[in-house]
Amino acid sequence: MPVISVIVPVYNVESYLERCLESIINQTLKDIEIICVNDGSTDGSIKILNKYASQITIINKENGGLSDARNKGLECISAPYTAFVDSDDWIKEDTFEEAYKSIEKYKTDFVCFGSQKVYENGKIEIQKLPFKGYQKMDYKKIRKTPVTVWSKLFRSSIIKDKKCIFPKGYNYEDNVFWMMYSPWITTGYYIDKPFYNYFQRANSIIYTDNKPFKYISLIPLIFEYYKKQGLLDEYGDDLYKRFKDYLKMDYKDAARSKQQRI
């Protein structure tokens, strides 16, 4: 039985997919199930997936976007822990072994590990974590923790029981998933090593999406989740602070975009 389910959403990434899959298949931890969700790719991605068919699970679906693909993968997880790897990125070979050892030893609700941005010209920027080792979690620590789901190992039971999903049709979807997951955690473990290689493509969504006020659009989704789960009384002040952060980020993005057009 696998101990980690790894979800890999795939859409038109034939130039990067093999590197990604090789990095997961060749992990030092072998008890892994790799769930690749082909989100209606029109390039050679499906041929590459079929090449690895004996080592991965392939789910084919119509194109619905990143969130939809990840949610489809979540329907199929069977391991006690869940991880995400985007198909143009790759991980170091001991990533999941170190994360699994940590979450098992310290019995935490998640593990967060470091990453590095890798640019097409070869430039590397290491992303440092705000904490190291075992931590008892509170709102301040949750707020400082990166929201990126690909930098974490999650407990599948929390994802399933608390109905943590990604919002279809929205960018910055990791914010919503993390905000759904984080109220249920009490402890975490941080490995401040750059295990995850976050590839910076010039044509990626984060660089090509010029719509204003993207973070603010997430607020109703998060608010409704907390309301439905009966969390507003306990976490109302925390939500208010988080939503102020979103407003500040959207304002800065809008101001920067306006200045670039001048």
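Based on alpha-carbon centroids, what's the gap between region 1-21 and region 113-142 in Å, whole number please?
Going from one Cα centre to the other spans 21 Å.
From the Cα gyration tensor of region 100-218, with a ≥ b ≥ c the square roots of its eigenvalues, which class applies: rounded if a/c is under 1.5, or else prolate if a/b is larger than b/c, or else oblate?
The shape class here is oblate.
Using alpha-carbon pairs under 8 Å, 6+ residues apart, how would you state the relative contact order of the chain in percent?
20
Relative contact order for region 57-127 using alpha-carbon pairs under 8 Å, separation at least 6, rounded to a whole percent?
14
Suppose all protein chains stay in the model; what accessible area per residue would a 1.4 Å probe give for the chain, in Å²?
Averaged over the residues of the chain, the accessible area is 50 Å².
How many nm is it between the label spots at residue 168 and residue 253, if each spot is 7 Å from the Cα in line with the beta carbon?
The two pseudo-label positions are separated by 2.2 nm.
If I model a spin label as a point 7 Å beyond the Cα along the Cα-Cβ vector, how far apart are those points for residue 139 and residue 25 in nm?
4.7
Under 10 Å, Cα contacts only: if you run a Gaussian network model on the chain, which one of 137, 180, 249 comes out with the highest mean-square fluctuation?
Of 137, 180, 249, the Gaussian network model singles out 249 as fluctuating most.
Below 8 Å, C-alpha to C-alpha, sequence gap of six or more: please give me the relative contact order for region 95-183 in percent.
Relative contact order, region 95-183: 24 percent.
Cβ under 15 Å from residue 38's Cβ, residue 38 left aside: what net charge do those residues give with Lys, Arg +1 and Asp, Glu -1?
-4
Once amide H atoms are placed 1.01 Å from N in the peptide plane, what residues at a sequence separation of 5 or more from residue 110, or on another chain, have their amide H within under 5 Å of its amide H?
Excluding prolines and chain starts, which carry no amide H, the hits are 189.
For the residue pair residue 47 and residue 125, what label-to-label distance in nm results when each label sits 7 Å from Cα along the Cα-to-beta-carbon direction?
It works out to 3.5 nm between the two label points.
The values are calculated or read from the model by the stated rules, or taken from the named source; none is laboratory data. Predicted model, so just to flag it, every value in this text is computed and none were measured. A quick note on method: Cβ atoms are made from the backbone with ideal geometry, for glycine too, and the neighbour counts reach across all protein chains shown. The protein model used for the area step is the full one, side chains on, heavy atoms only, and it has no ligands, DNA or RNA in it. Shrake-Rupley method; radii C 1.70, N 1.55, O 1.52, S 1.80 Å.
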